[in-house]
1. Return the only residue of A:VAL133, A:VAL175 being of a type in the set (Val, Ile, Thr), without any contact (Cβ under 8 Å) to a residue 60 or more places away in the chain and over 25 Å from B:GLY279 (Cα atoms).
2. Could you please find all residues in region B:319-369 being β-branched (Val, Ile, Thr) and open to solvent by less than 10 Å² (accessible area, probe 1.4 Å)?
3. Check B:ALA475, B:ALA490, B:ALA482 and return the single one that is away from every other protein chain (no Cβ under 14 Å) and within 15 Å of B:SER424 (Cβ to Cβ).
4. Report, ordered by the first and then the second residue, all pairs with beta carbons closer than 9 Å, sequence separation of six or more or different chains, a first member in region B:385-396 that is assigned by TED's automatic domain parsing to the domain that holds B:ALA409 and under 18 Å from B:GLY339 (Cβ atoms), and a second member that is of a type in the set (Asp, Glu) and surrounded by fewer than 18 Cβ atoms within 10 Å (Cβ to Cβ).
5. Hey, can you tell me all the residues within region A:194-228 that are under 18 Å from A:THR46 (Cβ atoms), open to solvent by less than 70 Å² (accessible area, probe 1.4 Å) and either outside any strand (DSSP E or B) or in contact (Cβ under 8 Å) with a residue 24 or more places away in the chain (or both)?
6. For region A:10-17, state whether one or more residues are within 12 Å of another protein chain (Cβ to nearest Cβ) and part of a loop (DSSP other than H, G, I, E, B).
7. Within region B:116-131, can one find any residue that is at pLDDT below 85, under 20 Å from B:ALA228 (Cβ atoms) and open to solvent by 40 Å² or more (accessible area, probe 1.4 Å)?
8. Mind listing whichever residues of region A:153-162 are of a type outside the set (Asp, Glu) and open to solvent by 30 Å² or more (accessible area, probe 1.4 Å)?
Amino acid sequence: MEEAVRTRGLVKRFGQQVAVAGVDLIVPKGSFAGLVGPNGAGKTTTLSMVTGLLRPDYGTIAIDGFDVWADPLNVKSRIGVLPEGLRLFERLSGRELLLYNGQLRGIPRAQVQQRAEELLRVMDLTEAQDKLVVDYSTGMRKKIGLAAALLHNPEVLFLDEPFEGVDPVSANTLVEVLQRYTGSGSTVIFSSHVMDLVERLCDWVSVMSRGFIVAQGPVAEVRQGRTLNEAFLDLVGARGHGDGEGLSWLGSR
Amino acid sequence: MTGTFVRLKLRLIAGSLRGDLVRQLGFGFSVFAAVVCALLGFLLFSLVSLTPDEMALRIGATVFTVAVLGWVVVPLLAFGLDETLDPSRLALFPLTTRQLALGMFAASATGAWPIASLVALFGALVGLSRGIGGVLLGLVAVPLVFALCLVASRLVTTALSGALRSRRGRDMLAVAVVFVVLLTQLPNLLVNRGLPSASMEMFTSAADTLRWTPPGLAAHAIADGGLAGLLDLLILAAVVVLLGWLWIIALRAALVRPDSSNQGGSVRRSRRKGLLPDGKLGAVIAKELKYARREPRGRVAWFTAVAVSGVMLFSFTGQGWGGFGLAIGPAMIAAIMIGVQSANTFGIDGRSLWMNAVAFGTDRDLRTDFAGRQLANFLISGPLLAVVATAGSVLAGNALWAVPATLLAWGMLGVAMGTGSLMSVLSPYTYPERMNAFSGAAPGQGGQAFVAGLGAMAGAGLLVLPVLIPTVFFAQWVSGIAVVYGAAMAWGGRRIASRIGFRRMPELLEAVSRPT
């Protein structure tokens, strides 16, 4: 099995709080991988470290065999990133954002223009291409962010919560583009809370809880006959706080 | 409830300092500066007691008025030094407007700088009073003036907060800032133009008018120390209450006003397509030029640069400068100011800087980024400085000086951009995501901003001397070397900065994308 992403003993501390406590993330090449876990499990921190945006305290990260921190040149040309929070260059129009990104990565202008036009059309953003990104809706921002991440045809794509706050139509577009992309042998890793979506899309899943990976493998293997949601709840050990003691005052009498 | 607000403010300050040494140092520096200002202000104000009674009253009235005006204007200029207490963040809590007003009043009195100004104002007790009555009244008058400062400041920022959040309001503010800058220079310009005796007369008549304003009444009360003084204080107290009441009304309105900042049209496609080179450098220049035009903070910076250049021209002529000094002075100051604006060059990118970070594979890429930013800056500031230098030369009576003056100013700009690039990676900080009346820099990063600005300016001021001194005192042809020198400094600055910056990229990202 060839690995697109492999981390060993990844640790990140923020002051007293341990966000990531020793993560060995494995993602095989060509897979559509989901990274799932409850809030605060360390998904975003892990993805930030893997994409070279946050310095890990300990551990190593390899993407296609290249070390992220020792060999950034080889890594950065191979990855596309859509981080959490969608902080884009707000004062550029969608089209300008793509052109800027492409040229910054050294793609000739004519080629960037052609790719940008196609991406804008597929993402259904042609009409809004000359509007400033600051005026885009959440769905539009996710789509233009994904377009920017795909522009240089990366081999591995990292998406942090790509479907959160996106309307069903835009989500469908995103899914179609991503499925076509992994169909050609490229790798997608995305984090999500939505188990149904992960179950439907992914062939590989890594489950995080409290800074550790608690399960990892092909989706069928992790599920073991249960739904992914049930498997997830069992794995993170977070069942049944909602109907037990406490909160007796809540609700109408 | 009021105590909760004070604790909230203290905790916000403490929280912003946690685990960040540079920021702690910056904060320490800021506190130190506040203490020095407090003591110095107190001392100077006390020394007023050495002047004749009439004069002491005039100075006192003027100082009090300036304090109040300062409290109103400075937060507006800095888009709110008091970053923590935006009423819209508190709107959903079940607080009465009175609780909110009292709490925010107490919170805005909390902090090093408010206390420093209070201490300095207490210097009036020594400086103005002429007896025990004056001291007793002063013990009431000074806190009243301080309250007036806070209430007036809060009233203005709150009343304008709605306008300052909309995009159109920000555009208006861009002009307003320039206007206020000009206004603060006005007395300076007038004094410079007139003779010393005439300006003394002007001060006397102005101060005699100020004596009847609310802060002037406070000064009079302390100087008087009798029944008339008591009456003064009653009027002052009434004014404070009135402003407070107006503030509460403004607050009530601000809490329910919707945010109207999101409507936008399309932008035109670039027409400079053929002019800029293809590739990374061209992309960065194009993006920077767009940001200078579209980003409100960029617009403010450039408006200010133009306005300050104009003011410099006037005040230099007014102060009786002539000869080569007048030709180069305004342009040099404009150049250093514009250069220092680049001392937090990644701040404008803020949270979107990651897009560059994931694209840059070597420090060479970052160097190209710096070069693009510097070139874009020069595309705007180069012509501007040439105009200022030419105007200065014409005013100085020798239009030919325009050539060495322009070259020297460009050299100065290059040096300042070099030190600015360096400070951008050494002391980066977050600009607030949306300018509004309440948030300035990210909470607690004011000291860092100060260090970046001062470092860039002091560095540039020192490094320019090797070409400035020969040009001024020996031969003007040295200015030709100054341009080359400036370009070399800019190059060196971005070379070192890109090496440091590339290695510190994650820390840089973190510093410019603090939550605001």
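1. Numbers: A:VAL133 fails: over 25 Å from B:GLY279 (Cα atoms).
Unique residue meeting the criteria: A:VAL175.
2. Start the filter on region B:319-369 by keeping residues that are β-branched (Val, Ile, Thr), which leaves B:328, B:333, B:336, B:338, B:340, B:345, B:348, B:358, B:362, B:368.
Residues satisfying the conditions are B:ILE338, B:VAL358.
3. Numbers: B:ALA475 fails: within 15 Å of B:SER424 (Cβ to Cβ); B:ALA482 fails: within 15 Å of B:SER424 (Cβ to Cβ).
So the residue among B:ALA475, B:ALA490, B:ALA482 that is away from every other protein chain (no Cβ under 14 Å) and within 15 Å of B:SER424 (Cβ to Cβ) is B:ALA490.
4. No pair meets every condition.
5. To start, the set of residues in region A:194-228 that are under 18 Å from A:THR46 (Cβ atoms) comprises A:198, A:202, A:204-217, A:222.
Now drop any that are not open to solvent by less than 70 Å² (accessible area, probe 1.4 Å), which leaves A:198, A:202, A:204-209, A:211, A:213-217, A:222.
Correct list: A:VAL198, A:CYS202, A:TRP204, A:VAL205, A:SER206, A:VAL207, A:MET208, A:SER209, A:GLY211, A:ILE213, A:GLN216, A:VAL222.
6. First pass over region A:10-17, keeping only residues within 12 Å of another protein chain (Cβ to nearest Cβ): A:12-17.
Those left that are additionally part of a loop (DSSP other than H, G, I, E, B): A:15-16.
Yes, the conditions are met somewhere in region A:10-17.
7. yes
8. Narrowing region A:153-162 to residues of a type outside the set (Asp, Glu): A:153-154, A:156-159, A:162.
Of everything in region A:153-162, just one residue is of a type outside the set (Asp, Glu) and open to solvent by 30 Å² or more (accessible area, probe 1.4 Å), namely A:ASN153.
The values are calculated or read from the model by the stated rules, or taken from the named source; none is laboratory data. Small disclaimer: the values here were computed from a predicted structure and weren't measured. Counting neighbours? That spans all protein chains shown, and the Cβs are built from the backbone with ideal geometry, glycine included. Accessible surface is based on the protein model in full, side chains and every heavy atom, while ligands, DNA and RNA are left aside. Shrake-Rupley method; radii C 1.70, N 1.55, O 1.52, S 1.80 Å.
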